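Below is one structure, written out as structure tokens, with a few remarks after it.
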Amino acid sequence: MGVNWAAGLIRWHPHIRPNGGKLSLSHLHPFRFDVWLEAERGKPKRLVNIHVGFSCHVFTCDVGNAGAAPELYFDDRETRAFDEERYNWSFRLKGTELEKRKCYFAGSEHFVTLDVEGMRDPLEYRVFFAIRRKDSSTLELVVQSAYVSKKDFSPRGLGKKPIRFCVIASRALARQRVIEAP
């Protein structure tokens, strides 16, 4: 793999607090992992490399929802408010073990997986992502948003049948759209 495997994935600069303190976002720098896809329809079992990047929506919220004196965080695309709760929860994003998780179609080729470990009922940690093929053995996954929410407020798609992450990955490699659970 070349030295530019993370090209196009963002390395977030630290958040600077009003008092001058810095909060590192290095835990949200791009990383990669491998996953084995089981043999299917004449294709042998194969190893796939997943390149993971993160949107700023995993540690920020809309400025309009941030309260009276939001701490702003901006890049060349948008300005949002730093969200302490989202930031604290974002440390668990690298340990999601997606290949073992149930995912749900969330619309427009986007997916969500739910994490309830360590959560008090009726809360869950929702992780939204998109995935696309880079080449015949590599996928790029971008975690677009992640936040704690009440189970009662279901995002679109959660009422449907779950989709295993490996099915999503296999379809993305084959350039097949996943629009709902098979």
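The values are calculated or read from the model by the stated rules, or taken from the named source; none is laboratory data. Only a predicted model underlies this, so the values are computations on that prediction, with no experimental measurement involved. Neighbour counts are summed over all protein chains in view; Cβ atoms, including those assigned to glycine, are modelled from backbone coordinates with ideal geometry.
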Members of the stretch 6-27 found to be farther than 28 Å from T138 by Cα and in contact (Cβ under 8 Å) with a residue 24 or more places away in the chain, listed by number: H15, R17, P18, L23
Condition check for G53: among the small types (G, A, S), in contact with a strand residue (DSSP E or B) (Cβ under 6 Å, 6 or more places away or on another chain) and surrounded by 11 or more Cβ atoms within 10 Å (Cβ to Cβ): yes
Conditions (1) surrounded by fewer than 16 Cβ atoms within 10 Å (Cβ to Cβ); (2) touching a helix residue (DSSP H, G or I) at 6+ places or on another chain (Cβ under 9 Å); (3) under 14 Å from C166 (Cα atoms); number of the one not met by D34: (2)
Residue tally, condition outside any strand (DSSP E or B) and within 11 Å of the chain's Cα centre (by Cα), over the stretch 93-128: 4
Candidates S137, S90, filtered to the one that is modelled with pLDDT of 90 or more and either farther than 17 Å from L173 by Cα or touching a helix residue (DSSP H, G or I) at 6+ places or on another chain (Cβ under 7 Å) (or both): S90
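Can you confirm whether G107 is surrounded by fewer than 16 Cβ atoms within 10 Å (Cβ to Cβ) and closer than 23 Å to R171 by Cα?
Numbers: surrounded by fewer than 16 Cβ atoms within 10 Å (Cβ to Cβ): yes; closer than 23 Å to R171 by Cα: yes.
When the stated conditions are applied, G107 passes them.
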Residue match in the stretch 70-81 (condition: on the phi < 0 side of the Ramachandran plot, surrounded by 11 or more Cβ atoms within 10 Å (Cβ to Cβ) and touching a residue at least 60 places away in the same chain (Cβ under 8 Å)): yes
